[in-house]
Each structure stands twice: as C-alpha cells, then as structure tokens.
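Student: Okay, here's the structure, questions in a sec.
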Amino acid sequence: MAEFNNVRSVSEMPEGDDAKHGFHHRMFLEPQEKKRNLKALMVKKAKETCSCTPAKVKDCIFSFFPVLQWLPKYKLKEYLLGDIMSGVIVGVLLVPQSIAYSLLAGQEPIYGLYTSFFAGIIYCIFGTSRHISVGIFGALCLMVGQVVDREVQRAGYDLKQAAVSVHTDTVMHVNTTILPVNQTSQKLVCDKTCYAIKVGATMTFTAGVYQVAMGFFQVGFVSVYLSDSLLSGFVTGASITILTSQAKYLLGLDIPRSSGVGSLITTWINIFRNIHKTNVCDLITSFLCFLVLIPAKEVNEHFKSRLKAPLPAELVVVVAATLASHLGKLRETYGSSIAGQIPTGFLPPSPPDWNLIPNVALDAIPIAIIGFAITVSLSEMFAKKYGYTVKANQEMYAIGFCNIIPAFFHCFTTSAALAKTLVKESTGCRTQISGIVASLLILIVLLVIAPLFYSLQKCVLAVITIVNLRGTLRKFKDLPKMWHLNRVDTVIWLVTMASSALISTEIGLLVGVCFSMLCVIFRTQKPEAPLLGWVAESETYESLSAYKNLQTKPGVVVFRFEAPLYYINKECFRSTLYKQTGVNPAQVMAAKKKAAKRMLREKEVGSGGNQTSISMELVSEPLEFHTIVIDCCAVQFLDTAGIRTLKEVCKDYKEIDVQVLLAQCNPSVRSSLIRGEFFKEGEDHLLFHSVHQAVDFALGAQEHNGTCASK
C-alpha cells in the first residue's frame, strides 16, 4: 500500500458522484515487499557457494563433465549404428577439409589433421550438444592465418619463402636468418613452419583461456550483441576474403599473402599484376575439380532426403588428384605447387610460446567471441529442434578446452562448423560418439595414410575451400527477402559484410557490433509515437495511422510512446507529443502574453474597439481538447531525465488548462515515478490501469465540471 499512498490507481470522483456518472470503483494494488538486506543476501550466497556436500560435489563433477551423465545411459542398439555411420561420413569429409583449411591458417597440412582429431574427442567430454561438429571453421582459420603471417614477418622470416615441412622426428630445427630489426645475424631455434604453428598454438591457447574465463564468470550474455544478421554478414565478408586468399592457388601464382587493412584489394591487385605468370597446369586442374565438386554438392543438396549418405566427392577428388599428380609428375614437369611431406604419428607436445602472448592477446579476443557465439547458436538451434537443453556457460568451457588442450599438441583454433554439423545430423547422429568415430578415422590417416598426400596439388585444396563457401556466398540471393522482412537487419548485414571484406575481419566485426548497437539506439531515439483511436464496442485503443474506422472521444487526445523514455529520446518525446496534439504549451502561453500586452497598450493609447475585442478573443480562445492520455504500455523504463520531462510536460499543459493522465504503466515505471516524486500532494496526476479507464475518467470529469459551472 505504501507505494500508492498518494496515487489513485483508477478513475476516482467524489464519492457522491460515483453512481451518478458510472465510474469505476477505487482499486489499489499493494506491492510485494522486497528484501533489501544486502548483507544477509551475500551471506546466504556465500554459504551456498562455499558449502561442500557429497551431493553437491557429485553435481559439480557431472555438470563439468557432461559425458558422465549421458554415456551410462547410452542405448547401444538404438544409437550405435547412426553414430558410427555419421562419424565415418564426417571423418571422410574432415580429412580433405582439414588439409585445405591448414593453408588458410598459414600452417602445414599435418596441423589441420591434429586439430580435427583433438577437437572431436575433447568436445565429446565437455560439450552438452549431441549434434554439433566441432573442428576447423573457415572464418577463424582466416583470422588465425592473418595473425600468423604478421608475426612470421615480424620475426624476420621471408613470406615468399617456400614452406618447409616439419621433420617427422623433431620439431626444432636450426635456421640462420637475418633479422631486419636488429640488422644482425641470429640463429633461430625454429624454422618458418615451426614458428608459424607456435604463433597459431599460442593464439589458440589465449583464445581458449578467454572462453573458459567467460564461462567461469558467466558472461555468456556477450553473445547477445552478435545478432544473427551480424554473424551472417561477418561470415559472408570473411568468406569473400577466404575466396580472395585462395585465388592465387587456383592460378598457381607465387605471391605473398596480404594482411591488414585493405588486404582484399591488395591481393587482387597483386593477382592481376602477376596474371601473366599463371601456371596452366594448376589452372586446368582447378577447373576440372570445380567441374566435379560443384555438381556433386548440388546433387547432395537436392537429393539429401533420398541419399543415405552424401557423396564423398571431396575425398574422391583428393585421391584422384593425388594419383594424377604423382603419376604425371606435375611438380617436376610443370612446376605445380604441392602439399609436400606430411609426417605420420604425433609430434611431441610442447607448451605455447609465453613470450608471444602479449603480441596475440588482442587478436585472440574476437576469435574467442566468434568461436563461442557460433558454437552456442548452433548448439541451441539443434537442441531446440530435437527437444533437449544445452548450457551456454558449459559450452564456453567446452569450446575453451577444445582450444587450450590442443594448443599443447600443435593445433590451431576450432569452433562448431555449420556445414559439417548439418551432414552429421542428416546421416543419423544421435550423440557425440559420432565425433569420437570421426576422430578415430583421422587417427588412421595420421598414423598410416598421411604421407600418401605428398603429391597433392595446393590448387585442389583451394578448390575444396572455395566450394565449401557456397552456402555463405548464397546469402546475396536472399538480400531482397531480407530487405522485405527487416530493412535494419539487412543494413547491419551489408555494413558488417562490407567492412569485414574490405577493411579486415577483426575491424569488420567491431564495426558490425558498433553499428548494430547504434541501430538499437536510433530505434529508441526516434520511435513510433502515434495518436490512438477507440475501437467501437470494446475497451481497446489502437493507432489512428495504422487502422481505419477508429473513433476519437471529444476533448480527449490519446498518445502512445513506443520506447523507453530516457535521456536520449526525451526531446523526441516532447516534440512528437507537441506535433501530434498540435499544441505547444510554450507557444500558446507566449501568444496569450503577447496578446495581453497588445491589449494593454491599446487601452493606454485609448484606441479600444475592434482590435481590443480581437485580442480578448485570442487570449480566451479555447483549445480543441482538455485532456491528454499518455499510453505508457511500451515504456519499459524511465531514467531521471525521463521523469523530469514528464513533470515538465504535465506542468506546461496544466498552465493552459489541459490535464495529462498516464495509463498502463508497468511496475518499474510506477516505482520510478514514485521515487522521482512525480506525484505531488494536492495535484491530480492520476495513474490508470487501462487507456479506457483514463478516457472515461476524463470525459466524466469534464461533464462533472460543466455541470458544476452551469449551477
């Protein structure tokens, strides 16, 4: 009751007149008592957090390792066949893609296989989604590759230098390189390829630490700032950059990889400058691979409901191209660029380079956020489809450990990948056992088959990468539909896509986030604010500009402001209200004062007559309405500036004999009005629970005042 001591919640009139005018009875709402003992609350939370019972320890362990919950309940007969089938198919797709995306990340092919192997196993232990496929993702590989190239160049390695494969038995090599910074000769403990994976692993470790920290501090809300349109625009822009970076392999050109701002334009300039050096053998091979892969992908897409498993076109192309390159001696005869030696087995684990962390710490932030956002969005999408739940914070732990642990085994950044997840789901996946099966298939490749890919041309890997961009590049066809559905989201998509492609991926993401937040601010800065009309034979009021055949009550204007009222849009609220009602209290008062002064001067001069009567009419000219009802149903909150604006509006209109009533305020707005001393004792500012009640009160009050005046 305390909250409404000075406020009449619905239409009220003097008690003797209630029955006569048919007004509603008084209705008071008693607010719930809120416990504000902060000390007691903190003590309670501390006890809950610090208490240690066997049940709580068990819950904590099972929550941190979800595999302990679902593995004992695994239905062998029901799930195993689907998991094995989907695991084998995804594994077959992962082998060529892992090798191809290694080039994108600036790494040797073996490291892509390592990454895919570890990611599937670790996510199976920590992840809560049953369907997503965690592994190499093109946009993240691009971001990793840009940082790797930058750091390799800083270390003094020549980017034009041909990549040298890592030795099968040892990681460390000795290579004498002249560092341009010091202009001194210094022996490096690591060659270019070894240093590149050091950079990639260190950045992967740093991104993983960020993701685990986000999970620990439960800041998963960060992902809400990455809307679907923003993420889609970012991935499309990154896909354009990926296509550009792979174009040189299609033509067999040996040009340095551009990085930094405007790398896309720089790359195309370099390609056209060196177009005369195109390797005809690589160009023909690329064309033939496109002829096979694109129709095969289309067949898989159009007949996926009929096919028990997608056609393994990529694996067929890789095997055929490798045999053709080896038997035709394409490297020796035509100078084609090949994958080179891919060792078998695993390299000894080694920690990230701690000295590199300051160099890559900033670059790891967008990688961590993008990886987490894509993983969580895909997890929630498939969880909703199949009727189970995923935990966003646990997903952060899962994807974080998928980066931290593999960083010690020469791997680079991973996240969920949509294309492989769709394949996994469509081929019968039931649990993450399918991820283990895919990892085992990659293990067989690592232990036995990897060296057989020695003669595989890099242009084939580039074709595989580009063909897998088809889904994201097709978003351009959806632009008219997006524009029709929501123009603001379409503009966000275009801005993010263009900035990610033309400037850089990291800056493009930042531009997209800032632009989307500005769009939200602009939407609340200039919201819709229509006048409302009455729907006949109901208690409903709707927008006069949106619907026909609405009625208005004489002398009452109903106004709705469809946004929070705060410091950004307070002036918009005031000016829109004045414009919609057609009455600016300040101008009315100024006109009255001006007319009164003119009348006074005319009296003093002694020239009364007609001009004086006109001035008197101007002073006493009545307005078309006596009440403004503000519908606050869309006002989520008020700040100090908003409360002050409401006070000023009510005060200004009261000076010209127009009362302002508020209707449909939510509890938060009511509480803000009470705390802001909006309701002064003796003033008739009233709160109403519906617009209909407020209008009825205004009409009844005017009728009552007219009756009293006639008496």
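Student: Which residues, taken from the stretch 250-264, are open to solvent by less than 30 Å² (accessible area, probe 1.4 Å) and farther than 14 Å from Leu283 by Cβ?
Tutor: Scanning the stretch 250-264 gives Ile255, Ser258, Gly262, Ser263, Leu264.
Student: Filter the stretch 622-680 down to the residues that are among the aromatic types (Phe, Trp, Tyr), closer than 16 Å to Thr581 by Cα and surrounded by fewer than 16 Cβ atoms within 10 Å (Cβ to Cβ) and list them by number.
Tutor: none
Student: Taking the stretch 302-320 as the region of interest, how many residues are open to solvent by less than 80 Å² (accessible area, probe 1.4 Å), assigned to a helix (DSSP H, G or I) and out of contact with any Pro (no Cβ under 7 Å at 6 or more places or on another chain)?
Tutor: Matching residues across the stretch 302-320 total 4.
Student: Scan (1) within 25 Å of Tyr101 (Cα to Cα); (2) at pLDDT 75 or above; (3) of a type outside the set (Gly, Ala, Ser); (4) open to solvent by 40 Å² or more (accessible area, probe 1.4 Å) for the single condition Val164 breaks and write down its number.
Tutor: It fails just one condition, (2).
Student: Could you check Asn355 against (1) open to solvent by 10 Å² or more (accessible area, probe 1.4 Å); (2) at pLDDT 90 or above; (3) under 17 Å from Ser86 (Cβ atoms) and say which number it fails?
Tutor: Answer for Asn355: the failing condition is (3).
Student: Looking for something closer than 20 Å to Leu230 by Cβ, part of a helix (DSSP H, G or I), touching a residue at least 24 places away in the same chain (Cβ under 8 Å) and among the hydroxyl-bearing types (Ser, Thr, Tyr) - is there at least one such residue anywhere in the stretch 386-403?
Tutor: no
Student: Looking at Ala309, Ala324, Ala392, Ala373, which one is at pLDDT 90 or above and small (Gly, Ala, Ser)?
Tutor: Ala324
Student: Then there's this: Considering only the stretch 280-302, state which residues are touching a residue at least 24 places away in the same chain (Cβ under 8 Å) and either out of contact with any strand residue (DSSP E or B) (no Cβ under 7 Å at 6 or more places or on another chain) or basic (Lys, Arg) (or both).
Tutor: Val280, Cys281, Leu283, Ser286, Cys289, Phe290, Val292, Leu293, Ile294, Lys297
Student: What is the one condition in (1) at pLDDT 90 or above; (2) closer than 29 Å to Leu243 by Cβ that Leu509 does not satisfy?
Tutor: For Leu509, the exception is condition (1).
Condition check ((1) crowded, with 19+ Cβ neighbours inside 10 Å; (2) within 15 Å of the chain's Cα centre (by Cα); (3) at pLDDT 85 or above) across all residues:
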{"residue": "Arg487", "(1), (2), (3)": "no, no, yes"}
{"residue": "Ala498", "(1), (2), (3)": "no, no, yes"}
{"residue": "Cys514", "(1), (2), (3)": "no, yes, yes"}
{"residue": "Cys519", "(1), (2), (3)": "no, yes, yes"}
{"residue": "Lys526", "(1), (2), (3)": "no, no, no"}
{"residue": "Leu532", "(1), (2), (3)": "yes, no, yes"}
{"residue": "Lys548", "(1), (2), (3)": "no, no, yes"}
{"residue": "Gly555", "(1), (2), (3)": "no, no, yes"}
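Student: Pick from the stretch 399-420 the residues that are β-branched (Val, Ile, Thr) and either surrounded by fewer than 24 Cβ atoms within 10 Å (Cβ to Cβ) or not assigned by the TED database to the domain that holds Tyr386 (or both): which of them is nearest to the chain's Cα centre (by Cα)?
Tutor: Residue satisfying both the conditions and the ranking: Ile404.
Conditions (1) at pLDDT below 70; (2) farther than 30 Å from Arg130 by Cα; (3) within 37 Å of the chain's Cα centre (by Cα), marked per residue:
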{"residue": "Asn5", "(1), (2), (3)": "yes, yes, no"}
{"residue": "Arg8", "(1), (2), (3)": "yes, yes, no"}
{"residue": "Met13", "(1), (2), (3)": "yes, yes, no"}
{"residue": "Asp18", "(1), (2), (3)": "yes, yes, no"}
{"residue": "Arg36", "(1), (2), (3)": "yes, yes, yes"}
{"residue": "Glu48", "(1), (2), (3)": "yes, yes, yes"}
{"residue": "Ile61", "(1), (2), (3)": "no, no, yes"}
{"residue": "Pro72", "(1), (2), (3)": "no, no, yes"}
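Student: Scan the stretch 321-349 for residues that are open to solvent by less than 30 Å² (accessible area, probe 1.4 Å) and part of a loop (DSSP other than H, G, I, E, B) and jot them down.
Tutor: Within the stretch 321-349, Ser336, Ala339, Gly340, Ile342, Pro343, Gly345, Leu347 meet the criteria.
Student: So is Thr267 more than 34 Å from the chain's Cα centre (by Cα) and either crowded, with 16+ Cβ neighbours inside 10 Å or under 13 Å from Thr465 (Cα atoms) (or both) or not?
Tutor: no
Student: Here's another thing I want to ask about it. Under 9 Å between Cβ atoms, at least 6 apart or on separate chains: pull out the pairs that start in the stretch 268-279 with a residue that is within 20 Å of Ile240 (Cβ to Cβ) and end on any residue that is assigned to a helix (DSSP H, G or I) and among the basic types (Lys, Arg).
Tutor: If the second residue must be assigned to a helix (DSSP H, G or I) and among the basic types (Lys, Arg), the pairs left are Asn270/Lys248; Ile271/Lys248.
Student: Would you call Leu243 under 30 Å from Thr427 (Cα atoms), open to solvent by 20 Å² or more (accessible area, probe 1.4 Å) and assigned to a helix (DSSP H, G or I)?
Tutor: yes
Student: What's the number of the only condition in (1) without any contact (Cβ under 8 Å) to a residue 40 or more places away in the chain; (2) under 30 Å from Ala296 (Cβ atoms) that Ser538 fails to meet?
Tutor: (2)
Student: Determine whether the stretch 79-98 contains at least one residue that is assigned to a helix (DSSP H, G or I), open to solvent by less than 10 Å² (accessible area, probe 1.4 Å) and of a type in the set (Asp, Glu).
Tutor: Yes.
Student: Taking the stated definitions as given, is Ile444 assigned by the TED database to the domain that holds Ser504, surrounded by fewer than 17 Cβ atoms within 10 Å (Cβ to Cβ) and either among the aliphatic types (A, V, I, L, M) or closer than 23 Å to Glu301 by Cα (or both)?
Tutor: It is true that Ile444 is assigned by the TED database to the domain that holds Ser504, surrounded by fewer than 17 Cβ atoms within 10 Å (Cβ to Cβ) and either among the aliphatic types (A, V, I, L, M) or closer than 23 Å to Glu301 by Cα (or both).
Student: Going by the structure shown, is Ser575 closer than 24 Å to Ala663 by Cβ, polar (S, T, N, Q) and either modelled with pLDDT of 80 or more or in a loop (DSSP other than H, G, I, E, B) (or both)?
Tutor: yes
Student: Please enumerate the residues belonging to the stretch 405-432 that are part of a helix (DSSP H, G or I), of a type outside the set (A, V, I, L, M) and within 13 Å of Thr202 (Cα to Cα).
Tutor: Answer for the stretch 405-432, where residues must be part of a helix (DSSP H, G or I), of a type outside the set (A, V, I, L, M) and within 13 Å of Thr202 (Cα to Cα): Pro406, Phe408, Phe409.
Student: Checking Ala361 against (1) open to solvent by 10 Å² or more (accessible area, probe 1.4 Å); (2) within 29 Å of Tyr249 (Cβ to Cβ); (3) modelled with pLDDT of 85 or more; (4) of a type in the set (Gly, Ala, Ser), which test does it fail?
Tutor: Result: Ala361 fails condition (2) only.
The values are calculated or read from the model by the stated rules, or taken from the named source; none is laboratory data. As the structure is a computational prediction, the values presented were derived from the model and not from experiment. Please note: Cβ atoms are built from the backbone with ideal geometry, for glycine as well, and neighbour counts cover all protein chains shown. SASA here: full protein model, heavy atoms, side chains in, ligands and nucleic acids out. Shrake-Rupley method; radii C 1.70, N 1.55, O 1.52, S 1.80 Å.
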